[in-house]
Amino acid sequence: MNHIEKLVAGFHRFRTDEKYRALFEHLAQHGQSPKTIIVGCCDSRVDPAIVTDCDPGDLFIIRNVANLVPPCETDGSNHGTSAALEFGVRHLEVENIIVLGHAQCGGIRALLNREAAPETPNSFISSWMKVAVNARNRVLSRLPDETAETQARACEQEAILVSLDNLLTFPWILERVAQKKLALHGWYFDMERRELLRYNPDSHRFEAFP
């Protein structure tokens with residue numbers, strides 16, 4: 001069985017699974033009303049719905065390389081992440097936005113190693129990762145003598161904070177946060193330890209949930 005056949009066989013099992021029948025009948029009739037957006041990485045090992053044990057319809061998930069949120073820009077270019085945020089916030093009226101970073105992020109490691117490996121001309125990845133260049137600069141300035149692993153973990157977490165700051169550059173997000181209709185969260189999934197950490201703005205650290 002090749003991989004496409006495996007996927008089709010999986011769909012047939014899903015289609016006949018009774019536990020999903022009523023759920024999808026309800027979703028088809030009533031539409032979606034998720035309470036939370038998760039901005040996650042497209043890394044195949046980090047599926048936000050699986051990590052949080054959620055059902056279809058529970059989360060509005062936006063995935064891209066390194067779970068980044070770009071700043072609000074109106075230059076007429078294609079902005080898939082920004083468009084998804086706009087739909088989730090302004091039309092679905094979600095109550096939470098979680099930026100979910102993770103350990104062993106290839107995008108962040110490429111960002112840290114860009115001087116050792118020159119940028120590929122016309123690379124979409126290189127251009128996209130510039131969103132997190134401030135995270136890279138802060139970590140290399142703060143931890144210049146640490147190991148590559150320590151720097152990578154710090155940059156993975158620092159990039160989450162950059163994205164949280166960028167979320168507030170969208171006026172319709174800033175307005176809802178000020179009105180306490182929307183809360184922003186930074187989470188970090190450590191797949192090696194199977195731990196989920198959250199950013200605590202009081203301690204300025206990523207900490208385990210109580």
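When residue 106 is evaluated against the numbered criteria (1) closer than 25 Å to residue 169 by Cα; (2) modelled with pLDDT of 95 or more, which criterion, by number, is the only one it fails?
Answer for residue 106: the failing condition is (1).
Scanning for something part of a loop (DSSP other than H, G, I, E, B), basic (Lys, Arg) and either under 15 Å from the mean Cα position of the chain (by Cα) or more than 15 Å from residue 158 (Cβ to Cβ) (or both), does segment 105-118 turn up at least one residue?
Yes, there is a match, as at least one residue in segment 105-118 is part of a loop (DSSP other than H, G, I, E, B), basic (Lys, Arg) and either under 15 Å from the mean Cα position of the chain (by Cα) or more than 15 Å from residue 158 (Cβ to Cβ) (or both).
Taking into account only those residues within segment 50-62 that are surrounded by 15 or more Cβ atoms within 10 Å (Cβ to Cβ) and over 9 Å from the mean Cα position of the chain (by Cα), which is nearest to residue 86 (Cα to Cα)?
60
Do we have any residue at all in segment 66-78 that's touching a Cys at 6+ places or on another chain (Cβ under 8 Å) and either buried (at least 21 other Cβ atoms within 10 Å of the Cβ) or not β-branched (Val, Ile, Thr) (or both)?
The answer is yes; a qualifying residue exists.
The values are calculated or read from the model by the stated rules, or taken from the named source; none is laboratory data. Just so you know, these numbers come straight off a predicted model, no measurement behind them. A quick note on method: Cβ atoms are made from the backbone with ideal geometry, for glycine too, and the neighbour counts reach across all protein chains shown.
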